[in-house]
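Structure record follows, encoded as structure tokens.
The values are calculated or read from the model by the stated rules, or taken from the named source; none is laboratory data. Just so it is clear, the structure is predicted and the values come from calculations on it, not from any experiment. Note that we place each Cβ from the backbone using ideal geometry, even for glycine, and neighbour counts take in every protein chain shown. Accessible surface is based on the protein model in full, side chains and every heavy atom, while ligands, DNA and RNA are left aside. Shrake-Rupley method; radii C 1.70, N 1.55, O 1.52, S 1.80 Å.
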Amino acid sequence: MSGIYIHIPFCKQACYYCDFHFSTSLKKKDELIQALIKELELRKKELQNQPIETIYFGGGTPSILTINELRLLIAEVYKNYNVIDNPEITLEANPDDLLTERSRSQQFYKGLKSIGINRLSIGVQSFFEDDLKSMNRAHNANEAKVCLEEATRHFNNITIDLIYGIPNMSLEKWNKNLEIAFSFNVNHMSSYALTVEPKTALDTFIKKGTYPPIDEDLALQHFNHLVEKTKEEGFVHYEISNFGKPNYFSKHNTSYWQGKPYMGIGPSAHSFNNTQRSWNVANNSKYIQSIQNNQLPNTVETLSIKDQFNEYIMTGLRTIWGVSLYKIENDFGVEYLNHLKKGSKNFINQGLLVIANDVCQSVPFEKITSLLTPRNDNVLKTTQKGKFLVDGIASELFMI
């Protein structure tokens, strides 16, 4: 099974923390959509033998597009690829786009369903006005709530994004954000710590002293509370930043973490086929011009065995499925298994990693040497204590 990601590089305004590729000008929207359609056609042989399980509209802000524009793109996928029955088709959306007009919004929801979209990813980020203004979000707190009231009448497969670790956000305020989210009975949440990416407005503000620096201790408090509260509400913490109720995990994003092939369409979009990774140019004009000349505007990187191992460690440790020792030995060899054993020792003793199977959950390293064998059910996973530190842990286990 494979997935197709379609990047829509347009936003009404720039969020201060965002470093994704987008433009606030819609002048080239029509040309861009035609280029997306043509790229789908140009690349149809890449996934010729792969059933397409998911289609994901990301951005940017895909909800800027009209129903007809979305319909054209979905039809082009069906025309050129082998799409399974009832694929997961996700649209990322901002609350203000779904509430342009009350009557229009209801027609918009119905239109989305009519063209096959069956999952919404709504970028709420916070239910508090001061937080939204500090991030330069285009919607306000009331729009976020009204949007969810309406969206949940039309869709049951909805995920909302929330940001934690915002400076000066009390634990009580973060808890209130979660309580409001739970009140809408959504079945999935994606929640991320506010991070400072280079060259963003947020990075500039912090350097100038006009915005408080990020407090990692506060972010950890928020994260631990998030994990506790979502568990109480019946969510499964299946990936570091993702929480879903049973049968509502994101199929598209899960394919990334499980190493399945996927194709990225549009400027800046990434693709992966197990041995190669590629990415399109992050420039709308250059992307359009190249596609119009029947050329793919991408850079291709062939992944070495070390690259593939490191990527599996990074993605595997982020999920509840962990890193399979059986897969490490069979796909990468004994040298890699021994490297992983050696590197994981201290993390296991610190209570940050655990070897898990149906016999053992967490014991000191010296007592589990026999479990560090490639049985089919032996996996290396992060503990609750290790989840927040997973990126650093994974980098220490990389094969250099």
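Of all the criteria given as (1) buried (at least 22 other Cβ atoms within 10 Å of the Cβ); (2) of a type in the set (V, I, T); (3) closer than 20 Å to R119 by Cβ, the one not satisfied by I291 is (3). Going through (1) within 17 Å of the chain's Cα centre (by Cα); (2) farther than 20 Å from W279 by Cα one by one, G59 falls short only on (2).
Of all the residues in region 122-134, those that are open to solvent by less than 40 Å² (accessible area, probe 1.4 Å) and farther than 18 Å from L178 by Cβ number 1. Within region 176-209, the set of residues being more than 17 Å from G244 (Cα to Cα) and in contact (Cβ under 8 Å) with a residue 60 or more places away in the chain comprises L194, T195, V196, E197, P198, K199, T200, A201, L202, F205.
Here's the yes/no breakdown for (1) among the β-branched types (V, I, T); (2) part of a helix (DSSP H, G or I); (3) touching a Leu at 6+ places or on another chain (Cβ under 7 Å):
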site: F182; (1), (2), (3): no, yes, no
site: M189; (1), (2), (3): no, no, yes
site: K199; (1), (2), (3): no, no, no
site: T210; (1), (2), (3): yes, no, no
site: D217; (1), (2), (3): no, yes, no
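If you filter region 187-223 down to residues that are polar (S, T, N, Q) and in contact with a helix residue (DSSP H, G or I) (Cβ under 8 Å, 6 or more places away or on another chain), you find that the one that is most open to solvent (accessible area, probe 1.4 Å) is Q221. Checking each residue in region 303-362 for being open to solvent by 20 Å² or more (accessible area, probe 1.4 Å), closer than 15 Å to N274 by Cα and not in a helix (DSSP H, G or I) picks out only S304. Residues that are touching a Phe, Trp or Tyr at 6+ places or on another chain (Cβ under 7 Å) and under 30 Å from N49 (Cα atoms) do not occur anywhere in region 137-146.
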